[in-house]
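The values are calculated or read from the model by the stated rules, or taken from the named source; none is laboratory data. Not measured: the values here are computed from a predicted model. As a convention, Cβ positions derive from the backbone with ideal geometry for all residues, glycine included, and neighbour counts pool all protein chains shown.
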């Protein structure tokens, strides 16, 4: 045999005795009889308040227990991968599984969980989705543009974490968070409040493509100024406040009134929860139709000028001393009565120009704004802020494109805000820079309140930081909805 032939024969015999490596090996171990190959491939969060993809701890040590013989074992899962583990082989039977995160931080990049469930194996292969409960709430902010990290600025300073195309964090707290959200365009940021005890996804759209209502988005106009904002409900109010109509804020204390056919009382509220703290009786006063509160440093003014059918000839503003409201169980009222000189017809009708639900105090005058059904605008009147009987001075008509139901002026900056609605229940605010030569400036901005369904927006008042509380009264429609009264907060401090 020639040497070349010998080596060829040796080569063939060698490879015949050594099987080739399988280019596509089976990743699963062999399945024995009465055994199941189990894959853990998903996580079902039973509390469905979470948005988007979730970020969990790097590993979970899951305990699996055979419910028949109580034998248990620990397997390590990576919940951020898919699948979250390699398949394992287990005998047929019934099993339970458990895991709980060791820590539940106040503020975290990772969602802590409690995992608890059972499964039964009776097939050669099984796929299990773990049943889990998230132990924290989620805040998430996403946008259709390149968004910089939103920052929590109160009660602590922390940036939200970048994850899966958005910014988010997990919270275990009952605090009210104040969040600074960077914006493109003419406004560098806005303020969004968030109750840490609930989960919320805030979506920002810029520029707004088709400004449809009630999509629960922060929508920005082409210049970057908000077309809509998302308010933060602080609490559902007591039934005694079903017809809440006005708000005032003085010396860090919050006050409210109800409208007609309610007691002649001012109610002090907890600014954080809206709970009723005190009741102050207003002497020498009747609640015909109390609709709004205004305030100076010395006095609180109560607007008894609700005039739904346009028939009233006893329009009144009550003036009481803050000293009594803050410290006593009752407060004596002085009267400011007035009429509209442009009203000649007092016959009852729905559409007219002499209903009113909004006013504020400035420059020793009371500035009154009517609620004009049918034309969706508002007549701006003034009267002196001292007791007496007056004909109003009609200044101008404001094109509000809605029914004005509340107004407030910031005591330091002079900024003005109106609140109101369009039918059906389309809430809005109007931002005005202030006065020029004792008339309203023309730089007026309108913002949609992006929530539905909502109660009728009624009262609004500035906080010291330039943001606002607003109240909404109960709205019922038999068989469709029953919306309770609420106290909410709206971030506007950086918008004008």
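Listed by position, the strands (runs of 3 or more DSSP E) inside the range 430-473 whose residues that are in contact with a helix residue (DSSP H, G or I) (Cβ under 9 Å, 6 or more places away or on another chain), at pLDDT 90 or above and in the same structural domain as residue 303 (by TED's automatic domain parsing) number at least 1 are 468-473. Do we find a residue being within 22 Å of residue 202 (Cα to Cα) and assigned by TED's automatic domain parsing to the domain that holds residue 359 anywhere in the range 474-484? Within the range 474-484, none of the residues are within 22 Å of residue 202 (Cα to Cα) and assigned by TED's automatic domain parsing to the domain that holds residue 359. Restricting attention to the range 291-302, the residues being within 17 Å of residue 257 (Cβ to Cβ) and without any contact (Cβ under 8 Å) to a residue 60 or more places away in the chain number 2.
For the structure I just gave you, tell me whether residue 192 is closer than 18 Å to residue 226 by Cα, in a strand (DSSP E or B), outside the structural domain of residue 79 (by TED's automatic domain parsing) and in contact (Cβ under 8 Å) with a residue 24 or more places away in the chain. Taking the combined requirement at face value, the residue satisfies it. Quick one: how many residues across the range 416-442 are surrounded by 20 or more Cβ atoms within 10 Å (Cβ to Cβ) and more than 15 Å from residue 454 (Cα to Cα)? So the answer is 5.
From 336, 368, grab the single residue that is surrounded by 14 or more Cβ atoms within 10 Å (Cβ to Cβ) and under 30 Å from residue 236 (Cα atoms). So that I can check it myself, show each step before the final result.
Numbers: 336 fails: under 30 Å from residue 236 (Cα atoms).
The unique qualifying residue is 368.
Residues that are free of Cβ contacts under 8 Å to residues at least 40 places away in the same chain and part of a helix (DSSP H, G or I) do occur in the range 315-338.
When every residue of the range 289-301 is checked against the conditions, at least one turns out to be over 25 Å from residue 339 (Cβ atoms), part of a loop (DSSP other than H, G, I, E, B) and more than 27 Å from the chain's Cα centre (by Cα). State whether the residues of the range 218-237 include one that is farther than 20 Å from residue 141 by Cα, part of a loop (DSSP other than H, G, I, E, B) and touching a residue at least 40 places away in the same chain (Cβ under 8 Å). Checked against the condition, which is being farther than 20 Å from residue 141 by Cα, part of a loop (DSSP other than H, G, I, E, B) and touching a residue at least 40 places away in the same chain (Cβ under 8 Å), the range 218-237 yields at least one hit. Of the residues making up the range 368-386, those that are closer than 18 Å to residue 290 by Cα, touching a residue at least 60 places away in the same chain (Cβ under 8 Å) and either not in a loop (DSSP other than H, G, I, E, B) or not assigned by TED's automatic domain parsing to the domain that holds residue 421 (or both) number 2. Is the range 310-328 home to any residue that is within 21 Å of residue 420 (Cβ to Cβ) and under 35 Å from the mean Cα position of the chain (by Cα)? Within the range 310-328 (the criterion being within 21 Å of residue 420 (Cβ to Cβ) and under 35 Å from the mean Cα position of the chain (by Cα)), the answer is yes, since at least one residue qualifies.
Taken together, 393, 458, 464 contain a single residue that is in contact (Cβ under 8 Å) with a residue 60 or more places away in the chain and surrounded by fewer than 18 Cβ atoms within 10 Å (Cβ to Cβ), which is 464. Within the option set 175, 157, 137, being loosely packed, with under 15 Cβ neighbours inside 10 Å and closer than 30 Å to residue 495 by Cα holds for one residue only, 157.
A Cβ distance below 9 Å, combined with a sequence gap of six or more or placement on separate chains, defines the contacts here; from the range 139-168, residues that are free of Cβ contacts under 8 Å to residues at least 12 places away in the same chain reach residues that are surrounded by 14 or more Cβ atoms within 10 Å (Cβ to Cβ) and in a strand (DSSP E or B) in the pairs 157/151; 159/151; 159/152; 159/167; 159/169.
Between 110, 121, the distinction of being surrounded by 13 or more Cβ atoms within 10 Å (Cβ to Cβ) and more than 30 Å from residue 149 (Cα to Cα) belongs to 121 only. Do we find a residue being in a loop (DSSP other than H, G, I, E, B) and touching a residue at least 60 places away in the same chain (Cβ under 8 Å) anywhere in the range 274-287? Yes.
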